[in-house]
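See below for the structure under consideration.
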Amino acid sequence: MTEALGIDYMALEEAHSSGVYAKRALTIVRGAGAYLWDSEGRRYIDCVGGQGAANVGHAHPKVVAAIQAQAAILLSCPEIFYNDQRALLLQKLTQVAGMQRAFLCNSGAEAVEAALKFARFATGRTHIVAAVRGFHGRTMGALSATWEPKYREPFAPLVPNYTHVPYNDLAAAEAAITEQTAAVILEVVQGEGGVRPADGDYLRGVQALCHERGALFIVDEVQTGFGRTGRMFAHQHYGLTPDLMPVAKSIAGGIPFGACLIGERVGKLQPAIHGTTFGGNPLGCAAALAALDVLIEENLAERAAVLGDFLRERLSDLPKRFRAQVREVRGLGLLFGIELRSKVAPVIKALQNKGVLALSAGLNVLRLLPPLVISQADLEQVAEAIEAVLTELGASELA
Ligand SMILES: *Cc1c(COP(=O)(O)O)cnc(C)c1O
């Protein structure tokens with residue numbers, strides 16, 4: 001159809017897009033389940049998964065129906081009013097998360113921003129402890145918690161009083177958390193930072209230090225939430241009780257939406273200290289209600305655990321078989337990473353040529369974030385494509 005219209009979408013984006021994204025030469029026009037189609041009609045197995053926004057799969061019929069129905073009823077309804085969809089979503093979301101309240105917003109960075117502001121408001125303190133390789137978003141507060149120097153340096157000075165400590169190092173956390181610490185913010189698996197899972201003992205230790213020293217514990221589940229790691233939320237693997245939990249990405253089946261769950265230790269928040277126009281909008285709430293129903297009805301968290309085990313088992317010997325190219329295979333559920341000894345970009349390109357779309361996490365980690373509805377047969381295809389690409393690239397390096 002695109003050719004029939006004679007429109008060059010890539011050229012249009014090149015001419016008019018901001019320029020802050022490095023793009024692949026591929027125009028995606030349609031999705032269903034774990035598949036995407038480009039403008040030429042070619043089908044791909046999707047292991048990008050909307051960068052984590054597509055856990056229930058593309059165009060899930062229940063999410064589509066909820067969006068279509070709500071669009072014809074009410075789109076805009078700021079939180080100066082109550083709303084039916086919002087009330088039902090707040091009930092379901094807090095129940096699923098096991099936390100009392102939630103602030104609703106539109107993206108991950110906003111959910112993190114809310115957590116940081118609430119932590120400062122609730123404690124009257126200003127210091128934030130974050131982790132080396134942690135990623136929490138790109139707005140100024142969230143960026144201050146993000147570690148990657150490439151993202152930070154052009155925008156210095158950032159918000160003051162942020163400290164970054166080595167991940168999985170409890171002694172370093174112990175030294176950094178003081179009576180001035182408003183909050184510690186961590187991911188259970190560092191996603192953008194290279195698919196690095198935390199030790200349960202480390203996370204529990206940090207939580208205990210927060211309790212001991214009057215700081216709040218922010219667990220950023222923007223990428224790990226909603227079934228991705230094999231539990232509804234990744235912190236449930238380790239029995240944690242976050243005080244603040246930013247979520248977004250997959251929360252509303254692909255519609256832009258986010259939330260910051262709020263636990264009891266936060267205490268009472270006051271009107272007017274925070275807010276956003278689109279927060280808790282009925283369209284997003286209806287979509288999120290449908291997406292949560294799908295996650296629960298289709299047991300997608302358990303599916304992620306089973307399929308994640310399959311993939312880990314299937315690819316566990318890569319470091320041995322491709323010793324010169326693969327350093328490590330790691331992850332939790334279907335948040336999957338393969339650390340290479342060289343740059344990942346050529347591998348991603350070669351996979352695309354074989355009909356598999358994958359992500360990077362940093363310069364040398366291949367990251368897979370397939371929709372949780374993906375079939376085991378398609379994951380097997382992905383595994384075979386990775387093996388074929390490593391074989392080809394290995395051979396060309398030797399030649
Ligand atoms: C993606 C991500 C964010 C930022 O979410 P946006 O919706 O892109 O603003 C924050 N934290 C984590 C852990 C993420 O993976």
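The values are calculated or read from the model by the stated rules, or taken from the named source; none is laboratory data. Every value quoted in this text rests on a predicted model; they were computed, and no experiment measured them. Note that we place each Cβ from the backbone using ideal geometry, even for glycine, and neighbour counts take in every protein chain shown.
So the values come out like this:
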quantity: Residue check, Ile177 touching a helix residue (DSSP H, G or I) at 6+ places or on another chain (Cβ under 6 Å) and within 14 Å of the ligand (Cβ to nearest atom); calculated: no
quantity: Considering residues of segment 245-265 that are part of a strand (DSSP E or B) and within 9 Å of the ligand (Cβ to nearest atom) only, the residue surrounded by the most Cβ atoms within 10 Å (Cβ to Cβ); calculated: Pro246
quantity: Hits in segment 190-205 (condition: within 16 Å of the ligand (Cβ to nearest atom) and in contact with a helix residue (DSSP H, G or I) (Cβ under 6 Å, 6 or more places away or on another chain)); calculated: Leu203
quantity: Failed item, numbered, when Ala11 is tested on (1) assigned by TED's automatic domain parsing to the domain that holds Leu289; (2) in a helix (DSSP H, G or I); calculated: (1)
quantity: Within segment 152-205, tally of residues that are closer than 23 Å to Arg138 by Cα, within 21 Å of the chain's Cα centre (by Cα) and of a type in the set (D, E, K, R); calculated: 4
quantity: Any hit, segment 226-244, residues being assigned to a strand (DSSP E or B) and either modelled with pLDDT of 95 or more or touching a Leu at 6+ places or on another chain (Cβ under 7 Å) (or both); calculated: yes
quantity: From Ala54, Ala72, residue being outside the structural domain of Leu289 (by TED's automatic domain parsing) and either closer than 24 Å to Val344 by Cβ or exposed (fewer than 11 other Cβ atoms within 10 Å of the Cβ) (or both); calculated: Ala54
